[in-house]
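Note sheet for the following structure.
The values are calculated or read from the model by the stated rules, or taken from the named source; none is laboratory data. None of these values were measured; they are calculated from a predicted model. As a convention, Cβ positions derive from the backbone with ideal geometry for all residues, glycine included, and neighbour counts pool all protein chains shown. Accessible surface areas use protein heavy atoms only, side chains included; no ligands, DNA or RNA. Shrake-Rupley method; radii C 1.70, N 1.55, O 1.52, S 1.80 Å.
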Amino acid sequence: MEAVNVYSARILEKQEYFKPGHRACQGCAEALAVRLVAKALGKNVIVASATGCMEIISSPLPFTNWDVPWIHVAFENTAAVLSGAESAYKALARKGRIKDRGTVFLGMGGDGATTDIGLQALSGAFERGHSFVYVCYDNEAYMNTGIQRSSSTPFGASTTTSPAGKKVPGQITWKKNMAEIAVAHNVPYVATACSSYPFDLMEKVQKAARTPGPAYIHVLSVCPTGWRIPPSKSIWIGRLAVETGIFPLFEVVDGRYRITVDVPELRPVEEYLKPQGRFRHLTPEITAVIQERVNYEYRKLVAKTQFKF
Amino acid sequence: MGKRIGIEVSIAAADAVASTNVDVVAAYPITPQTHIVEHLSELVNNGELDAEFIPVESEHSAMSVCCGSSAAGARTFTCTSSQGLALMNEIVFIAPGLRLPIVMILANRSMSGPLSIWNDHTDVMSIRDCGWIQVFAESGQEVYDHVLFSFRVAEDPAVSLPVILNLDGFILTHVIEPIEYWDPEQVKRYLPDFKPVNTLDPDRPTTVGAFGLPGIYTEAKKAQDEALIQSKKHILKAWEELGEVVGRHYKPVETHLTEGAETVFLTMGSIGQTVAMAVEELRGRGEPAGLVKLRLWRPFPFEELRDAVRGAKRIIVIDRAISYGGTGGPVASEIRSALYGEENMPAVTNFICGLAGRDVTPRDYIAMYERSLEMTQSKVGQEDFVFYGVRE
């Protein structure tokens, strides 16, 4: 199924491994991303999940939406649990107790589980070089507990712990760049993706799975509940995040950068910010600050794609 | 029979772990556990042990790796102490809930504030209610034997629960003792290959660690408690068969000179040997003293304990931890409730001593014996517990 991006949706497998009937909110682009990732990897996979929206909505005992082996232990330790499962398979295959069938080890966590509380465990797993694919489903706040800010919440966003107040206009720190943190660990495959670009996402997931060693994919996952948008606008907002350059889609293979969804001319960030309730309070001055930062970050990324070594 | 050699207990413990052909070891260094994991990594790097040694970045990840590894069907081991146990605490409670048969050696050490690397039982008492099977070893040989025992019990499909093997930091971990190794045939006879009840297997997908709503959580936890209570018969069987294989016989509660004893000491861990010396001296003087040693801490051996102290007038419980603002020591509190309502219930006096490795000699235990007679004779009941030997 190489390059589904280039061919068509028709060649995609019909089988679902993240089954319907889960309890996510309407218009949840994170659940969509989870489904696409599961579809891209197929049956021969073991999933370790962090605590969070996707865990809660898919595993209320005695039900499950998972048609692949799936384990949840706690919030901050997904990469460690995954390291354990991967090492177990390695040892058991070497000792001839199981057959090595190239099972893919998939980790999943939200932005809180990845960029905040689980960063240490993930850093350790990257450094040790286990062979796994870790996908961060980034909806830019602690949505499961009620929209509290995380280090992945963008500048200016109003959340329940960074509310737009009379003195402080919401989140006043810049979004932590988790993909770059993964690159700094010399992770052989790093990418950003968004469920508004499903084929780009699935292709990256498959590429990550084929990469020996760790791989990291940071998926922007639009959350209508937390971002204060109508459920019908999730896909559209995800596209605007990419088209404004706020969330560029790229991959880094062995340190080499490539933008995978080219945006010849960035749209103004205002088009992305305006429809979202979490940015409703932003003044033109703050919007200008964000625009400047986005331009700078995008130029930096383009420069990295041109760097030859 | 295997060879009997003089060896550091930590090295012997690691050799015992290696003799099980363990698949995955995940650990983070902390004194006084270090020699055990150092030796295991040495065995792996020298090609003498075919296992994945995962040098994790924290104890929290050590226990998390163990959960992933055990769930994937591998024989799994970790080892920690004190602050390390505290850091992995969250996951320690989850492992038995997921019925993962991990084996952990806990080299008992004080909990910090002030920092201390020395031995007492404040670490393990902090996780008394975590749901693991918990046993205490008194000597190097017991540590070695109980490594095999721990894997055997944990992985028994009828048990499928994690096991903590407690040994006193430094007092056991860093001393050289004569230890009889098991030969491979004995290991093979005693410890079958690990055949997990459920694994993470793409051919048979299972969901592990689901989310429990109020309508099902209590039932899940009751089932877990039942499993721990029911594990006792498999524990007894594992000790019985251990006796058949190596000729050393272990029981949940051990007694020494309790015949006709009016006052019995109750101990856990390595101090049992020191107290035994005190009891022997007291007996020599004609004092009716005895010793009861608790080996199995969870599941708690109610029947065996009641039998062991039957006929005694008083029990001197030696605690090596404090239940702050509570009833003194956690072991005494447990013993009182185990005996509450018994006919002719013995008086329980409680001494807290040996904190952070402070030396307690046979002479001290004799002094405690004498003091306990005064305490129970006066019937004042003012002193539920005493910090023995504290400078005031």
Report summary line: Simple spin-label estimate for residue B:281/residue A:258, 7 Å along Cα→Cβ, in nm, reads 8.0
Report summary line: Per residue, the convex hull enclosing the Cα atoms of chain B spans a volume in Å³ of 154
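Do any trypsin sites (Lys or Arg not before Pro) in segment A:103-201 lie in a DSSP loop with no more than 12 other beta carbon atoms within 10 Å, and if so, which? Please report the intermediate quantities before stating the final value.
Working: sites: A:128, A:149, A:166, A:167, A:175, A:176; in loops: A:149, A:166, A:167, A:175, A:176.
The qualifying sites are A:166, A:167.
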Query raised in the report: What list of ³J(HN,Hα) couplings, whole Hz, do you get for segment B:13-21 from phi and the Karplus terms 6.51, -1.76, 1.60, once you set θ to phi - 60° and write x for glycine and proline?
Result: 4, 5, 4, 5, 4, 4, 5, 7, 6
Requested in this report: Sequence neighbours fewer than 8 away in the same chain don't count; with that in mind, list the lysines whose C-alpha is under 23 Å from residue A:204.
Outcome: A:14, A:19, A:39, A:43, A:175, A:176, A:300, A:304, A:308
Report summary line: Of all stretches in chain B that avoid chymotrypsin sites (Phe, Trp or Tyr not before Pro) placed in a DSSP loop and having at most 12 other Cβ atoms within 10 Å, the longest is B:1-323
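Apply 1/(1 + (r/R0)^6) to the Cβ-Cβ distance of residue B:310 and residue B:4, taking R0 = 41 Å, and write down the FRET efficiency to the nearest 0.05.
0.70
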Report task. Take the alpha carbon atoms of segment B:271-344, find their center, do the same for segment B:50-106, and report the distance between the two centers in whole angstrom. Result -> 31
**Report entry** Solvent-accessible ranking of B:327, B:122, largest area first, probe 1.4 Å
**Finding:** B:327, B:122
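Report, as an integer, the average count of C-beta atoms from other chains found within 10 Å of each Cβ along B:15-23.
Going residue by residue through B:15-23 and averaging, the value is 1.
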**Report entry** Rounded, prolate or oblate (a/c below 1.5 giving rounded, otherwise prolate when a/b exceeds b/c) for segment B:253-387 by Cα gyration tensor
**Finding:** rounded
Report summary line: Sorted by chain and number, the residues with a modelled amide H under 5 Å from that of residue B:323, at a separation of 5 or more or across chains, are B:328, B:329
Query raised in the report: Sequence-distant or interchain residues sharing an amide H contact under 5 Å with residue B:180, placed H: which?
Result: B:5
Requested in this report: For residue B:54, enumerate residues with amide H under 5 Å from its amide H, sequence gap 5+ or separate chain, H modeled in the peptide plane.
Outcome: B:25, B:26, B:27
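Kindly provide the helix-only [θ] at 222 nm of chain B, computed as the sum of -39,500 (n - 2.57) over DSSP H runs of four or more divided by all residues, to the nearest 500 deg cm²/dmol?
Counting only the DSSP helices, I get -13000 deg cm²/dmol.
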**Report entry** lysines whose Cα lies under 27 Å from that of residue B:251, excluding same-chain neighbours fewer than 8 positions away
**Finding:** B:3, B:188, B:195, B:222, B:232, B:233, B:237, B:293, B:313
Query - Candidates B:220, B:71, B:289: whichever shows maximal mean-square fluctuation once chain B is modelled as a Gaussian network with Cα springs under 10 Å - result: B:220
Query raised in the report: Using every alpha carbon pair in chain A, what percent of pairs falls into each 10 Å bin from 0 up to the bin containing the largest distance?
Result: 6, 28, 37, 22, 6, 1, 0
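Average partner chain C-beta neighbours within 10 Å, per residue of A:89-99? Mind dumping the intermediate values first?
Details: counts 8, 5, 13, 10, 0, 4, 5, 0, 5, 5, 0.
Taking all residues of A:89-99 together, the mean is 5.
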Query raised in the report: From the Cα gyration tensor of segment A:66-194, with a ≥ b ≥ c the square roots of its eigenvalues, which class applies: rounded if a/c is under 1.5, or else prolate if a/b is larger than b/c, or else oblate?
Result: prolate
Report summary line: For segment B:202-225 the residues that are at least 30 Å² less accessible with all protein chains than alone, 1.4 Å probe, are B:202, B:203, B:205, B:207, B:208, B:209, B:210, B:211, B:213, B:216
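Which length gain, in nm to one decimal place, applies between residue B:216 and residue B:387 when the Cα-Cα distance is subtracted from 0.36 nm times their residue separation?
On the way: separation 171, 0.36 × 171 = 61.56 nm, distance 4.39 nm.
Taking 0.36 nm per residue and subtracting the Cα distance, the gain is 57.2 nm.
For A:59-71, what's the mean count of beta carbons from other chains sitting within 10 Å of each residue's beta carbon?
6
Which percent, nearest 5, of DSSP beta bridges in segment B:294-392 are antiparallel? Walk me through the numbers before you get to the answer.
Numbers: 1 of 10 bridges.
For segment B:294-392, the DSSP antiparallel bridge percentage is about 10.
Using only the Cα atoms, what convex hull volume per residue in Å³ does the protein assembly as shown have?
Working: hull volume 127.8 nm³, N = 701.
It is 182 Å³ per residue.
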Requested in this report: Return the distance in nm (one decimal) between the two label points of a simple spin-label model at residue A:265 and residue A:13, each offset 7 Å from Cα along Cα→Cβ.
Outcome: 4.2
Query - Test item: Cα-centred dipole of the protein assembly as shown, Lys/Arg +1 and Asp/Glu -1 on Cβ, debye - result: 2380
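For segment B:170-245, what does the equivalent ellipsoid look like in terms of its semi-axes, each the square root of 5 times an eigenvalue of the Cα gyration tensor, given largest first in whole Å? Spell out each step's value before the answer.
Numbers: eigenvalues 249, 74, 49 Å².
Calculated on Cα positions only, the semi-axes equal 35, 19, 16 Å.
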